[in-house]
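Just below is one structure, and these are the notes that go with it.
The values are calculated or read from the model by the stated rules, or taken from the named source; none is laboratory data. Since we're looking at a predicted model, the values are computed, not measured. Backbone-built Cβ (ideal geometry, glycine too); neighbour counts: all protein chains shown.
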Amino acid sequence: MLTLEAEPDHEARLFFDLDLSRGAVVAISGGSDSTALLFLLNDFCRRHRPHARLVAVTVDHALRPASHDEALKVGALCASLGIEHRIRVWEGQKPKTGLLAAARDARYDLLAGVARDKGIPMVLTGHTANDQAETVTMRLERRDVVDATERGLAGMAPFTLFDGDIWIVRPLLRMRREALRAMLRTRGAGWMDDPTNEDHSYERPRVRAALGEPGIAAALKVAEAAGRNRSDLDARAASLIRRHASRPARGLFRLHPAFADEEDRAAAIHALRLLLSTIGGLPMLPDEAAVTSLLEALGKGGSHRATLARVLVDARRTGIFLLREARGLPAPLRAVDGMLWDGRFRVSMRKTAAASVIRAGAVLSRGKPVAGTLPDPFPLPDVPVSLVRAALAAEPEVDCAGENVALMPVIAPFARFLPGFDVQSAGILAELAMASPLPPLPLPNAAV
(Lines give C-alpha, C1' and ligand atoms only; values in the text may rest on other atoms or scores of the structure.)
Protein backbone atom coordinates (compact mmCIF):
# COMPACT_ATOMS: atom_id res chain seq x y z
CA MET A 1 0.00 0.00 0.00
CA LEU A 2 1.41 3.37 -0.99
CA THR A 3 1.95 6.15 1.52
CA LEU A 4 2.80 9.83 1.16
CA GLU A 5 6.20 10.32 2.73
CA ALA A 6 7.71 13.72 3.38
CA GLU A 7 9.96 13.39 0.31
CA PRO A 8 9.54 16.25 -2.18
CA ASP A 9 8.59 14.14 -5.20
CA HIS A 10 6.34 11.40 -3.84
CA GLU A 11 3.61 12.16 -6.39
CA ALA A 12 5.92 11.06 -9.23
CA ARG A 13 5.21 7.43 -8.30
CA LEU A 14 1.50 8.01 -8.88
CA PHE A 15 1.62 9.73 -12.25
CA PHE A 16 4.97 9.12 -13.93
CA ASP A 17 3.70 6.35 -16.25
CA LEU A 18 0.60 8.32 -17.19
CA ASP A 19 0.47 9.57 -20.79
CA LEU A 20 -0.39 13.25 -20.32
CA SER A 21 0.63 14.32 -23.83
CA ARG A 22 -2.97 15.32 -24.63
CA GLY A 23 -3.81 16.45 -21.12
CA ALA A 24 -6.24 15.14 -18.53
CA VAL A 25 -9.66 15.95 -17.17
CA VAL A 26 -9.68 15.78 -13.37
CA ALA A 27 -12.97 14.94 -11.67
CA ILE A 28 -13.23 16.98 -8.47
CA SER A 29 -16.22 17.12 -6.16
CA GLY A 30 -14.50 19.07 -3.40
CA GLY A 31 -14.23 16.01 -1.16
CA SER A 32 -10.92 15.00 0.35
CA ASP A 33 -10.01 12.32 -2.19
CA SER A 34 -10.56 14.35 -5.35
CA THR A 35 -9.06 17.49 -3.80
CA ALA A 36 -5.92 15.54 -2.91
CA LEU A 37 -5.82 14.19 -6.47
CA LEU A 38 -5.90 17.73 -7.86
CA PHE A 39 -3.08 18.95 -5.60
CA LEU A 40 -0.87 15.93 -6.24
CA LEU A 41 -1.38 15.97 -10.00
CA ASN A 42 -0.78 19.72 -10.16
CA ASP A 43 2.47 19.29 -8.21
CA PHE A 44 3.57 16.51 -10.54
CA CYS A 45 2.82 18.49 -13.69
CA ARG A 46 4.66 21.56 -12.44
CA ARG A 47 7.77 19.43 -11.82
CA HIS A 48 7.63 16.92 -14.68
CA ARG A 49 4.94 17.83 -17.26
CA PRO A 50 4.84 21.65 -17.31
CA HIS A 51 3.02 21.74 -20.65
CA ALA A 52 0.32 19.20 -19.73
CA ARG A 53 -3.18 20.61 -19.94
CA LEU A 54 -5.37 20.01 -16.90
CA VAL A 55 -9.11 20.65 -16.92
CA ALA A 56 -10.91 20.19 -13.61
CA VAL A 57 -14.60 19.31 -13.80
CA THR A 58 -17.17 19.37 -11.01
CA VAL A 59 -20.45 17.57 -11.58
CA ASP A 60 -23.35 19.21 -9.77
CA HIS A 61 -25.89 16.43 -9.35
CA ALA A 62 -28.51 18.97 -8.27
CA LEU A 63 -29.62 16.68 -5.46
CA ARG A 64 -28.91 19.09 -2.58
CA PRO A 65 -29.49 22.85 -2.25
CA ALA A 66 -25.83 23.43 -1.35
CA SER A 67 -24.36 21.60 -4.35
CA HIS A 68 -24.16 24.64 -6.63
CA ASP A 69 -22.30 26.75 -4.06
CA GLU A 70 -19.94 23.85 -3.40
CA ALA A 71 -19.14 23.63 -7.10
CA LEU A 72 -18.35 27.36 -7.14
CA LYS A 73 -15.97 26.90 -4.19
CA VAL A 74 -14.17 24.18 -6.13
CA GLY A 75 -13.90 26.59 -9.03
CA ALA A 76 -12.26 29.16 -6.75
CA LEU A 77 -9.73 26.56 -5.59
CA CYS A 78 -8.89 25.67 -9.19
CA ALA A 79 -8.49 29.35 -10.07
CA SER A 80 -6.02 29.76 -7.20
CA LEU A 81 -3.97 26.93 -8.71
CA GLY A 82 -4.24 28.25 -12.26
CA ILE A 83 -6.26 25.24 -13.41
CA GLU A 84 -9.14 25.52 -15.87
CA HIS A 85 -12.45 24.54 -14.24
CA ARG A 86 -15.84 23.59 -15.62
CA ILE A 87 -19.15 22.82 -13.88
CA ARG A 88 -21.60 20.39 -15.42
CA VAL A 89 -25.11 19.91 -14.01
CA TRP A 90 -27.10 16.67 -14.01
CA GLU A 91 -30.36 17.98 -15.36
CA GLY A 92 -33.79 16.44 -15.72
CA GLN A 93 -35.87 14.10 -13.60
CA LYS A 94 -34.03 11.96 -11.06
CA PRO A 95 -35.06 8.33 -10.54
CA LYS A 96 -36.76 7.35 -7.29
CA THR A 97 -34.90 4.04 -7.18
CA GLY A 98 -31.32 3.26 -8.12
CA LEU A 99 -30.40 6.90 -7.57
CA LEU A 100 -26.70 6.38 -6.83
CA ALA A 101 -26.18 4.17 -9.88
CA ALA A 102 -28.00 6.66 -12.09
CA ALA A 103 -25.93 9.50 -10.62
CA ARG A 104 -22.74 7.59 -11.35
CA ASP A 105 -23.73 7.03 -14.99
CA ALA A 106 -24.71 10.67 -15.39
CA ARG A 107 -21.44 11.76 -13.81
CA TYR A 108 -19.36 9.70 -16.23
CA ASP A 109 -21.42 10.93 -19.18
CA LEU A 110 -20.83 14.55 -18.19
CA LEU A 111 -17.13 14.07 -17.45
CA ALA A 112 -16.57 12.24 -20.73
CA GLY A 113 -18.47 14.94 -22.58
CA VAL A 114 -16.03 17.58 -21.36
CA ALA A 115 -13.08 15.34 -22.28
CA ARG A 116 -14.41 14.92 -25.82
CA ASP A 117 -15.09 18.63 -26.20
CA LYS A 118 -11.52 19.39 -25.12
CA GLY A 119 -9.92 16.63 -27.19
CA ILE A 120 -8.60 14.95 -24.04
CA PRO A 121 -8.60 11.13 -23.94
CA MET A 122 -8.78 10.54 -20.19
CA VAL A 123 -10.58 11.45 -16.98
CA LEU A 124 -8.80 11.02 -13.65
CA THR A 125 -10.88 10.19 -10.58
CA GLY A 126 -9.99 10.16 -6.88
CA HIS A 127 -11.02 6.58 -6.05
CA THR A 128 -8.88 5.30 -3.19
CA ALA A 129 -7.97 2.00 -1.57
CA ASN A 130 -10.82 2.64 0.87
CA ASP A 131 -13.29 2.83 -2.03
CA GLN A 132 -11.85 -0.39 -3.42
CA ALA A 133 -12.24 -2.16 -0.09
CA GLU A 134 -15.84 -0.97 0.21
CA THR A 135 -16.66 -2.15 -3.31
CA VAL A 136 -15.20 -5.61 -2.75
CA THR A 137 -16.87 -5.96 0.65
CA MET A 138 -20.26 -5.11 -0.82
CA ARG A 139 -19.76 -7.72 -3.51
CA LEU A 140 -18.65 -10.32 -1.00
CA GLU A 141 -21.89 -9.72 0.87
CA ARG A 142 -23.93 -10.29 -2.31
CA ARG A 143 -23.06 -13.92 -2.85
CA ASP A 144 -26.21 -14.52 -4.88
CA VAL A 145 -25.44 -12.02 -7.64
CA VAL A 146 -23.01 -11.86 -10.53
CA ASP A 147 -20.65 -9.36 -8.88
CA ALA A 148 -19.74 -11.93 -6.23
CA THR A 149 -17.86 -14.00 -8.82
CA GLU A 150 -14.10 -13.65 -8.90
CA ARG A 151 -14.47 -11.23 -11.80
CA GLY A 152 -16.51 -8.94 -9.58
CA LEU A 153 -14.21 -9.39 -6.61
CA ALA A 154 -11.39 -7.79 -8.60
CA GLY A 155 -13.14 -4.52 -7.81
CA MET A 156 -12.30 -1.38 -9.74
CA ALA A 157 -9.58 -1.53 -12.38
CA PRO A 158 -6.78 1.07 -12.36
CA PHE A 159 -8.11 2.19 -15.75
CA THR A 160 -11.40 1.61 -17.56
CA LEU A 161 -12.49 2.55 -21.08
CA PHE A 162 -15.81 4.41 -21.07
CA ASP A 163 -18.12 4.33 -24.11
CA GLY A 164 -15.27 3.14 -26.29
CA ASP A 165 -13.23 6.35 -26.34
CA ILE A 166 -12.49 7.92 -22.93
CA TRP A 167 -10.24 6.31 -20.34
CA ILE A 168 -11.27 6.59 -16.69
CA VAL A 169 -8.02 6.44 -14.69
CA ARG A 170 -7.78 5.89 -10.93
CA PRO A 171 -4.21 6.78 -9.90
CA LEU A 172 -5.00 6.82 -6.15
CA LEU A 173 -6.42 3.31 -6.02
CA ARG A 174 -3.59 2.11 -3.77
CA MET A 175 -3.68 5.17 -1.50
CA ARG A 176 -5.47 5.25 1.86
CA ARG A 177 -7.91 8.09 2.43
CA GLU A 178 -6.34 9.07 5.75
CA ALA A 179 -2.92 9.52 4.11
CA LEU A 180 -4.48 11.87 1.57
CA ARG A 181 -6.25 13.84 4.29
CA ALA A 182 -3.02 14.11 6.27
CA MET A 183 -1.36 15.57 3.18
CA LEU A 184 -4.16 18.13 2.82
CA ARG A 185 -3.90 19.10 6.49
CA THR A 186 -0.16 19.62 6.08
CA ARG A 187 -0.90 22.05 3.25
CA GLY A 188 -3.59 23.79 5.25
CA ALA A 189 -6.11 22.74 2.61
CA GLY A 190 -9.66 21.83 3.52
CA TRP A 191 -12.35 19.80 1.81
CA MET A 192 -16.12 19.46 1.80
CA ASP A 193 -17.89 16.38 3.11
CA ASP A 194 -20.92 15.22 1.15
CA PRO A 195 -23.67 14.34 3.68
CA THR A 196 -24.74 11.53 1.37
CA ASN A 197 -21.57 9.70 2.44
CA GLU A 198 -23.00 9.51 5.98
CA ASP A 199 -26.52 8.49 4.94
CA HIS A 200 -26.91 4.91 6.13
CA SER A 201 -29.98 4.37 4.01
CA TYR A 202 -27.43 3.66 1.26
CA GLU A 203 -25.31 0.52 1.23
CA ARG A 204 -21.86 2.06 0.76
CA PRO A 205 -22.00 4.39 3.79
CA ARG A 206 -23.13 1.46 5.94
CA VAL A 207 -20.23 -0.66 4.74
CA ARG A 208 -17.81 2.25 5.19
CA ALA A 209 -18.88 2.74 8.79
CA ALA A 210 -18.54 -0.95 9.59
CA LEU A 211 -15.16 -1.54 7.92
CA GLY A 212 -12.25 -1.37 10.31
CA GLU A 213 -8.59 -1.59 9.35
CA PRO A 214 -8.53 -5.42 9.37
CA GLY A 215 -11.57 -5.50 7.08
CA ILE A 216 -10.02 -3.00 4.67
CA ALA A 217 -6.74 -4.93 4.52
CA ALA A 218 -8.53 -8.24 3.95
CA ALA A 219 -10.74 -6.83 1.19
CA LEU A 220 -7.74 -5.32 -0.59
CA LYS A 221 -5.97 -8.69 -0.56
CA VAL A 222 -9.05 -10.28 -2.12
CA ALA A 223 -9.15 -7.58 -4.81
CA GLU A 224 -5.47 -7.90 -5.65
CA ALA A 225 -5.60 -11.67 -6.05
CA ALA A 226 -8.87 -11.61 -7.99
CA GLY A 227 -7.55 -8.87 -10.28
CA ARG A 228 -4.45 -10.89 -11.15
CA ASN A 229 -6.55 -13.98 -11.82
CA ARG A 230 -9.04 -12.05 -13.93
CA SER A 231 -6.30 -10.52 -16.10
CA ASP A 232 -4.61 -13.90 -16.49
CA LEU A 233 -7.84 -15.64 -17.53
CA ASP A 234 -8.58 -12.82 -19.95
CA ALA A 235 -5.17 -13.20 -21.61
CA ARG A 236 -5.63 -16.96 -22.00
CA ALA A 237 -9.13 -16.54 -23.43
CA ALA A 238 -7.86 -13.88 -25.84
CA SER A 239 -5.21 -16.32 -27.07
CA LEU A 240 -7.84 -18.98 -27.77
CA ILE A 241 -10.07 -16.53 -29.64
CA ARG A 242 -7.16 -15.40 -31.79
CA ARG A 243 -6.18 -19.00 -32.52
CA HIS A 244 -9.59 -20.47 -33.26
CA ALA A 245 -12.08 -17.76 -34.27
CA SER A 246 -12.73 -16.23 -37.68
CA ARG A 247 -15.45 -14.23 -39.42
CA PRO A 248 -16.19 -15.81 -42.81
CA ALA A 249 -19.08 -13.45 -43.57
CA ARG A 250 -20.86 -10.46 -42.14
CA GLY A 251 -22.54 -11.46 -38.89
CA LEU A 252 -21.24 -15.04 -39.10
CA PHE A 253 -18.45 -16.31 -36.87
CA ARG A 254 -16.68 -19.65 -36.88
CA LEU A 255 -14.66 -21.53 -34.30
CA HIS A 256 -12.30 -24.27 -35.41
CA PRO A 257 -13.57 -27.67 -34.19
CA ALA A 258 -10.38 -28.04 -32.11
CA PHE A 259 -11.62 -25.23 -29.86
CA ALA A 260 -14.00 -27.64 -28.12
CA ASP A 261 -11.08 -29.89 -27.17
CA GLU A 262 -8.80 -27.24 -25.67
CA GLU A 263 -7.16 -28.44 -22.45
CA ASP A 264 -7.48 -25.05 -20.76
CA ARG A 265 -11.18 -25.46 -20.01
CA ALA A 266 -11.49 -22.32 -17.90
CA ALA A 267 -10.09 -20.20 -20.73
CA ALA A 268 -12.26 -21.94 -23.33
CA ILE A 269 -15.40 -21.38 -21.26
CA HIS A 270 -14.52 -17.72 -20.74
CA ALA A 271 -13.72 -17.25 -24.43
CA LEU A 272 -17.05 -18.79 -25.41
CA ARG A 273 -18.91 -16.58 -22.92
CA LEU A 274 -17.25 -13.51 -24.43
CA LEU A 275 -18.08 -14.58 -27.97
CA LEU A 276 -21.71 -15.36 -27.15
CA SER A 277 -22.19 -12.03 -25.40
CA THR A 278 -20.58 -10.14 -28.29
CA ILE A 279 -22.48 -11.92 -31.05
CA GLY A 280 -25.76 -11.83 -29.12
CA GLY A 281 -25.38 -8.16 -28.23
CA LEU A 282 -25.76 -8.69 -24.47
CA PRO A 283 -23.99 -6.50 -21.89
CA MET A 284 -23.62 -9.36 -19.39
CA LEU A 285 -21.77 -12.61 -19.97
CA PRO A 286 -24.06 -15.65 -20.20
CA ASP A 287 -24.39 -18.06 -17.31
CA GLU A 288 -21.14 -19.96 -16.80
CA ALA A 289 -22.87 -23.27 -16.06
CA ALA A 290 -24.91 -23.07 -19.27
CA VAL A 291 -21.81 -22.29 -21.32
CA THR A 292 -19.93 -25.15 -19.67
CA SER A 293 -22.71 -27.55 -20.69
CA LEU A 294 -22.65 -26.19 -24.23
CA LEU A 295 -18.88 -26.66 -24.49
CA GLU A 296 -19.19 -30.24 -23.22
CA ALA A 297 -21.80 -30.96 -25.90
CA LEU A 298 -19.59 -29.44 -28.58
CA GLY A 299 -16.66 -31.55 -27.38
CA LYS A 300 -18.53 -34.76 -28.18
CA GLY A 301 -18.10 -34.06 -31.88
CA GLY A 302 -20.64 -34.46 -34.63
CA SER A 303 -23.45 -32.08 -35.45
CA HIS A 304 -24.96 -30.00 -32.69
CA ARG A 305 -27.41 -27.11 -32.77
CA ALA A 306 -28.37 -24.90 -29.82
CA THR A 307 -29.31 -21.36 -28.90
CA LEU A 308 -27.87 -19.46 -25.96
CA ALA A 309 -27.63 -15.75 -25.16
CA ARG A 310 -29.52 -14.85 -28.38
CA VAL A 311 -26.93 -16.77 -30.42
CA LEU A 312 -27.53 -19.72 -32.73
CA VAL A 313 -24.71 -22.24 -32.35
CA ASP A 314 -24.43 -24.66 -35.28
CA ALA A 315 -21.61 -27.21 -35.04
CA ARG A 316 -20.67 -29.11 -38.18
CA ARG A 317 -17.67 -30.96 -39.51
CA THR A 318 -16.31 -27.71 -40.97
CA GLY A 319 -16.58 -25.68 -37.81
CA ILE A 320 -18.64 -24.32 -34.94
CA PHE A 321 -20.69 -21.48 -36.43
CA LEU A 322 -22.18 -18.70 -34.31
CA LEU A 323 -24.66 -16.04 -35.40
CA ARG A 324 -27.34 -13.80 -33.91
CA GLU A 325 -30.60 -15.75 -33.77
CA ALA A 326 -33.60 -14.36 -35.61
CA ARG A 327 -35.82 -13.97 -32.55
CA GLY A 328 -36.09 -10.70 -30.67
CA LEU A 329 -34.54 -8.45 -33.30
CA PRO A 330 -35.49 -4.76 -33.07
CA ALA A 331 -38.43 -3.52 -35.11
CA PRO A 332 -37.61 -0.84 -37.70
CA LEU A 333 -36.76 2.37 -35.87
CA ARG A 334 -35.43 5.82 -36.58
CA ALA A 335 -31.68 6.22 -36.22
CA VAL A 336 -30.46 8.48 -33.41
CA ASP A 337 -26.83 9.50 -33.09
CA GLY A 338 -25.05 7.48 -30.40
CA MET A 339 -27.81 4.90 -29.95
CA LEU A 340 -27.01 1.20 -29.61
CA TRP A 341 -28.84 -1.05 -32.06
CA ASP A 342 -29.49 -4.55 -30.71
CA GLY A 343 -26.53 -4.10 -28.37
CA ARG A 344 -24.20 -4.82 -31.31
CA PHE A 345 -23.89 -1.58 -33.28
CA ARG A 346 -23.53 2.07 -32.38
CA VAL A 347 -25.11 4.65 -34.67
CA SER A 348 -22.95 7.56 -35.77
CA MET A 349 -24.65 10.42 -37.62
CA ARG A 350 -23.42 13.72 -38.98
CA LYS A 351 -25.44 16.78 -38.10
CA THR A 352 -26.46 17.08 -41.75
CA ALA A 353 -27.80 13.52 -41.93
CA ALA A 354 -31.41 13.14 -43.01
CA ALA A 355 -33.86 11.06 -40.99
CA SER A 356 -33.01 7.39 -41.48
CA VAL A 357 -34.58 4.10 -40.45
CA ILE A 358 -32.64 1.03 -39.29
CA ARG A 359 -34.05 -2.36 -40.27
CA ALA A 360 -32.83 -5.88 -39.64
CA GLY A 361 -32.25 -8.03 -42.70
CA ALA A 362 -32.71 -5.22 -45.19
CA VAL A 363 -29.50 -6.29 -46.90
CA LEU A 364 -31.28 -9.43 -48.12
CA SER A 365 -34.37 -7.60 -49.32
CA ARG A 366 -32.36 -5.84 -51.99
CA GLY A 367 -32.37 -9.01 -54.03
CA LYS A 368 -28.72 -8.67 -55.01
CA PRO A 369 -25.35 -9.53 -53.45
CA VAL A 370 -23.73 -7.00 -51.18
CA ALA A 371 -20.02 -6.32 -51.34
CA GLY A 372 -18.18 -8.01 -48.50
CA THR A 373 -21.22 -10.03 -47.40
CA LEU A 374 -22.51 -12.53 -49.96
CA PRO A 375 -20.67 -12.44 -53.29
CA ASP A 376 -21.75 -14.77 -56.06
CA PRO A 377 -20.37 -17.38 -56.22
CA PHE A 378 -19.61 -17.53 -52.50
CA PRO A 379 -15.84 -18.13 -52.23
CA LEU A 380 -15.80 -20.36 -49.11
CA PRO A 381 -17.31 -23.74 -50.02
CA ASP A 382 -16.98 -25.03 -46.44
CA VAL A 383 -19.25 -22.26 -45.13
CA PRO A 384 -22.96 -23.09 -45.57
CA VAL A 385 -24.71 -20.38 -47.59
CA SER A 386 -27.84 -21.00 -45.50
CA LEU A 387 -25.98 -19.82 -42.41
CA VAL A 388 -24.59 -16.81 -44.26
CA ARG A 389 -28.12 -15.80 -45.22
CA ALA A 390 -29.38 -16.40 -41.68
CA ALA A 391 -26.60 -14.19 -40.32
CA LEU A 392 -27.38 -11.44 -42.82
CA ALA A 393 -31.04 -11.58 -41.82
CA ALA A 394 -30.01 -10.37 -38.36
CA GLU A 395 -27.69 -7.63 -39.60
CA PRO A 396 -28.83 -4.00 -39.64
CA GLU A 397 -29.18 -1.79 -42.67
CA VAL A 398 -29.89 1.93 -42.80
CA ASP A 399 -31.85 3.52 -45.60
CA CYS A 400 -29.96 6.50 -47.01
CA ALA A 401 -26.79 5.25 -45.28
CA GLY A 402 -23.42 6.40 -46.51
CA GLU A 403 -21.08 9.08 -45.30
CA ASN A 404 -23.80 10.70 -43.16
CA VAL A 405 -24.92 7.62 -41.18
CA ALA A 406 -22.73 4.74 -40.05
CA LEU A 407 -23.32 1.62 -37.99
CA MET A 408 -20.18 0.70 -36.06
CA PRO A 409 -19.86 -2.75 -34.46
CA VAL A 410 -19.28 -2.71 -30.71
CA ILE A 411 -18.17 -5.37 -28.25
CA ALA A 412 -21.39 -5.68 -26.28
CA PRO A 413 -20.05 -6.70 -22.84
CA PHE A 414 -17.63 -3.77 -22.94
CA ALA A 415 -19.63 -1.19 -24.88
CA ARG A 416 -20.19 0.97 -21.79
CA PHE A 417 -17.32 0.02 -19.46
CA LEU A 418 -14.19 -1.90 -20.40
CA PRO A 419 -12.12 -2.57 -17.26
CA GLY A 420 -8.38 -2.75 -17.75
CA PHE A 421 -8.50 -6.38 -16.61
CA ASP A 422 -10.21 -7.29 -19.89
CA VAL A 423 -8.40 -5.25 -22.53
CA GLN A 424 -6.66 -8.19 -24.20
CA SER A 425 -9.84 -10.09 -25.03
CA ALA A 426 -11.63 -6.86 -25.96
CA GLY A 427 -8.88 -5.99 -28.43
CA ILE A 428 -9.06 -9.41 -30.10
CA LEU A 429 -12.86 -9.29 -30.23
CA ALA A 430 -12.72 -5.83 -31.79
CA GLU A 431 -10.49 -7.17 -34.56
CA LEU A 432 -12.74 -10.17 -35.08
CA ALA A 433 -15.98 -8.16 -35.22
CA MET A 434 -14.38 -5.36 -37.27
CA ALA A 435 -15.14 -2.87 -34.50
CA SER A 436 -13.04 0.22 -33.89
CA PRO A 437 -9.66 -0.63 -32.34
CA LEU A 438 -9.12 0.26 -28.71
CA PRO A 439 -7.51 3.67 -28.18
CA PRO A 440 -3.95 3.66 -26.81
CA LEU A 441 -3.70 2.72 -23.16
CA PRO A 442 -3.40 5.69 -20.78
CA LEU A 443 -0.62 3.82 -18.97
CA PRO A 444 1.58 2.55 -21.83
CA ASN A 445 3.75 0.49 -19.48
CA ALA A 446 0.84 -1.07 -17.60
CA ALA A 447 0.93 -4.82 -17.24
CA VAL A 448 -2.25 -6.27 -18.76
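Please verify whether region 277-286 includes one or more residues that are of a type outside the set (Lys, Arg) and farther than 30 Å from Ala112 by Cβ. The answer is no, given that none of the residues of region 277-286 is of a type outside the set (Lys, Arg) and farther than 30 Å from Ala112 by Cβ.
In region 59-100, which residues are surrounded by 13 or more Cβ atoms within 10 Å (Cβ to Cβ), in contact with a helix residue (DSSP H, G or I) (Cβ under 6 Å, 6 or more places away or on another chain) and farther than 16 Å from Met192 by Cβ? Selection gives Leu81, Arg86, Arg88, Trp90. Within this structure, Ala56 fails the test of being surrounded by 14 or more Cβ atoms within 10 Å (Cβ to Cβ), aliphatic (A, V, I, L, M) and under 26 Å from Glu203 (Cβ atoms). Against the numbered list (1) free of Cβ contacts under 8 Å to residues at least 12 places away in the same chain; (2) closer than 22 Å to Asp131 by Cβ; (3) part of a loop (DSSP other than H, G, I, E, B), Arg13 comes up short only at (3). Those strands (runs of 3 or more DSSP E) of region 96-209 that lie entirely within it include none in which at least 3 residues are among the charged types (D, E, K, R) and at pLDDT 95 or above. In region 81-90, the count of residues that are in a loop (DSSP other than H, G, I, E, B) and on the phi < 0 side of the Ramachandran plot is one or more. Strands (runs of 3 or more DSSP E) fully within region 285-378 that include at least 2 residues being modelled with pLDDT under 95 and in contact with a Lys or Arg (Cβ under 9 Å, 6 or more places away or on another chain): 357-360.
Considering only region 31-42, I want to know if a residue exists there that is in contact with a Lys or Arg (Cβ under 7 Å, 6 or more places away or on another chain) and assigned to a strand (DSSP E or B). There is no residue in region 31-42 that is in contact with a Lys or Arg (Cβ under 7 Å, 6 or more places away or on another chain) and assigned to a strand (DSSP E or B).
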